[in-house]
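**Q** Submitted below is the structure of interest, expressed as structure tokens.
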Amino acid sequence: MAASTAWVVAAGSIVAINESLFVPTETGKPPDFSAVWRLIPATALLAVALGGLEQLAPQFATGLAKLLLVGVLVFPVGNAPTPIASANKLLGYG
């Protein structure tokens, strides 16, 4: 497994958990699993693409994957707020 793949899978997992657990808990609405099902192939394709890029430029591909993880935590993806904001609100600090 390429080193960038773990970072991409972690970012996809964080977004999936935010969409299916944090947002429904704080809003009281049922989870939107259609967004999660669209996320699975997108995460897989990105992991394969960065794995291929890692064969040419390993540090660049791993750096992009790490930036993806930070971006997912800081910027909202889809209709949900950021995972940091969701966790903050869920814990009662927001």
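**Q** By how many degrees, 0 to 90 and rounded to 10, does the Cα axis of helix 58-74 deviate from the longest principal axis of the chain?
**A** It works out to around 10 degrees.
**Q** Assuming R0 = 25 Å, what is the FRET efficiency of Val48 and Asn88, from their Cβ-Cβ distance, to the nearest 0.05? Please report the intermediate quantities before stating the final value.
**A** Working: r = 33 Å, r/R0 = 1.32.
Once the sixth-power term is evaluated, E becomes 0.15.
**Q** Also: Pop out the ³J(HN,Hα) list for the stretch 29-38 in order, Karplus 6.51 cos²θ - 1.76 cosθ + 1.60 with θ = phi - 60°, rounded to Hz; leave Gly and Pro as x.
**A** Taking θ as phi minus 60°, the curve returns 8, x, x, 9, 6, 5, 5, 5, 5, 6 Hz for the stretch 29-38.
**Q** Once R0 is set to 41 Å, what does the formula 1/(1 + (r/R0)^6) return for the Cβ-Cβ distance between Leu21 and Leu56, expressed as a FRET efficiency to the nearest 0.05?
**A** Details: r = 37 Å, r/R0 = 0.89.
Using R0 = 41 Å, I get an efficiency of 0.65.
**Q** On the principal axes of its Cα set, how long, how wide and how thick is the stretch 3-90? Give whole Å, largest value first.
**A** Extents along the principal axes, in whole Å: 46, 23, 16.
**Q** Can you work out ³J(HN,Hα) from phi for every residue in the stretch 9-17, in order, using Karplus 6.51 cos²θ - 1.76 cosθ + 1.60 and θ = phi - 60°, giving whole Hz and x for Gly and Pro?
**A** Running phi through 6.51 cos²θ - 1.76 cosθ + 1.60 with θ = phi - 60° gives 5, 5, 5, x, 5, 5, 5, 5, 5 Hz.
Just so you know, all these numbers are worked out from the coordinates, no wet-lab data involved. Here the structure is a predicted model, which means the values were calculated and not measured. When we count neighbours, we look across all protein chains shown, and the Cβ atoms used for this are built from the backbone with ideal geometry, even at glycine.
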